[in-house]
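Every read-out reported here was derived from the displayed coordinates using simple, explicitly stated rules and does not represent laboratory data. Not measured: the values here are computed from a predicted model. Note that each Cβ is placed from the backbone with ideal geometry, even for glycine, and that neighbours are counted across all protein chains shown.
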Amino acid sequence: MATIPKDTKYVLVEIGTSCLGEIAELSQLVKPDHIIITDVSIGHIEGLKSLDNIVDEKASICSGQKKKGIAIIPRGIEKFSQLKKKVQGFGSRLISFGEEECSDVRITNIEVSSNAITSRILDQKRNIWKLKLKTAGKHYIKNAAALLTLVSSLKLSPAVAISALEKWTPLAGRGQVSEIKFNNHNNNISIRLIDESYNANPGSLKSSLETLVSIFTNEKNQSQQSRRIAVLGDMLELGLSEVKEHVNISKLSTLDKIDKIFCVGPRMRKLYNVLPYPKRGVWTETALEMQNVLVNKLNNGDIVMIKGSFSMGMNTIVNKLKNT
């Protein structure tokens, strides 16, 4: 923050946490005018111990907020009522966003077409914002709705913000989609890669799997159905619930539309062991081992999504595919 030019009108600061009290301390340092809480899930539960603690920690971002500031929070979370009470206890003016009918800012008419997603967002005055993003990730629409809510609350132009959002594309490790071509044993292979390798928790992994099954659907000139392949590395910082959360992936309905699941790491071994045999790709202990396995298991036309916690090094698999 010390490097921010003095004439800067608006600053967007990301505040994160891995242990109790961290967000409150940072909020006192930043002293935000307005805040956005994008989600509340069990990511980082190892350090925070419980979902109730995570709610308290997330709400504490309002502790350093200037008086009468706006707090924009997600309506569709399990602990919404608890979060709302905590946030309002800090004196913040609350605006909720989400797909639920009772949301102050409501997301409607979400549609995925190829590698793009569209939606209509109704603001508090029931004005309609039409949005199209260059990604199939539904969770990005939610983030965009929160940002547009902030823009409108600041009495800035939603139209200008929408124009900027529609030019945006996901970054490497954060949902970037690329086409990769390589030769393998004299066979020309072309795949489409969804790079989600930067990080993973149960909520974000669920979103990434939803993206995998919805992207590039109903394409013209598609002579045969593309295989959809997930390459999943361990989700870390889940504490005592880590085994349960990895096994629970097998219960997601999206797996019905995924052809093969490759697993990396000792925790993902728990998932691999309970997968139906036809869904199993290969399990390896490390990402380095998976690099050499995966490239020989891919077919022309495959759609591949790679995701895992950062320290699992899943980005090395991405780099291997790009440089094959």
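Structure above, values below:
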quantity: Local electrostatic count, residue 15, Cβ distance below 10 Å [Lys/Arg +1, Asp/Glu -1]; calculated: -2
quantity: Beta bridge orientation in the chain: antiparallel %, DSSP, nearest 5; calculated: 45 percent
quantity: Spin-label zone in region 129-151 - amide nitrogen under 15 Å from a point set 7 Å from the Cα of residue 118 along the C-beta vector; calculated: 129-136
quantity: Convex hull of Cα atoms in region 1-91, direction-averaged projection (nm²); calculated: 6.0 nm²
quantity: 5 angstrom amide H check on residue 283, placed H, neighbours 5+ away; calculated: 263
quantity: Proximal aspartates and glutamates relative to residue 66, as straight alpha-carbon distance under 19 Å, when same-chain residues fewer than 8 apart are discounted; calculated: 14, 22, 25, 33, 56, 57
quantity: Dipole moment magnitude, nearest 20 debye, region 176-322 about Cα centre, only Lys, Arg, Asp, Glu C-beta charged; calculated: 340 debye
quantity: Extension gain, residue 168 back to residue 274 (0.36 nm per residue minus Cα-Cα distance, nm); calculated: 34.3 nm
quantity: Cα pair distances in region 35-177, grouped into 5 Å bins until the bin that holds the longest one, percent each; calculated: 2, 10, 18, 20, 19, 16, 11, 4, 0
quantity: Which listed pairs, of 84/134; 49/251; 86/125, have C-alpha distances above 29 Å, in listed order; calculated: 84/134
quantity: Whole-angstrom gap from region 74-113 to region 291-324, using each part's C-alpha centre; calculated: 36 Å
quantity: Dipole magnitude (debye, nearest 20) for region 1-151, charges at Cβ of Lys, Arg, Asp, Glu; calculated: 660 debye
quantity: Rg/Rh ratio calculated on Cα atoms of the chain (Kirkwood radius); calculated: 0.99
quantity: Region 144-158 - phi-based ³J(HN,Hα) in whole Hz, Karplus 6.51/-1.76/1.60, Gly and Pro as x; calculated: 5, 4, 5, 5, 5, 4, 5, 4, 5, 5, 7, 6, 9, 8, x
quantity: The chain - charge dipole about Cα centre, Lys and Arg +1 at Cβ, Asp and Glu -1, debye rounded to 20; calculated: 720 debye
quantity: Computed Kirkwood radius, in angstrom, where 1/r is averaged over Cα pairs of region 166-324; calculated: 15.7 Å
quantity: Packing-based ranking, highest mean first, of 318-324, 147-153, 288-294 given that Cβ atoms within 10 Å are counted; calculated: 147-153, 288-294, 318-324
quantity: In region 143-219, trypsin sites (Lys or Arg not before Pro) in a DSSP loop with at most 13 other beta-carbon atoms within 10 Å; calculated: 155
quantity: Candidate lysines - alpha carbon under 18 Å from residue 322, same-chain residues fewer than 8 apart omitted; calculated: 181, 297, 307
quantity: Antiparallel %, DSSP beta bridges [both residues in region 176-322], to 5; calculated: 35 percent
quantity: Between region 208-281 and region 1-32, the Cα center-to-center distance that results, in Å; calculated: 36 Å
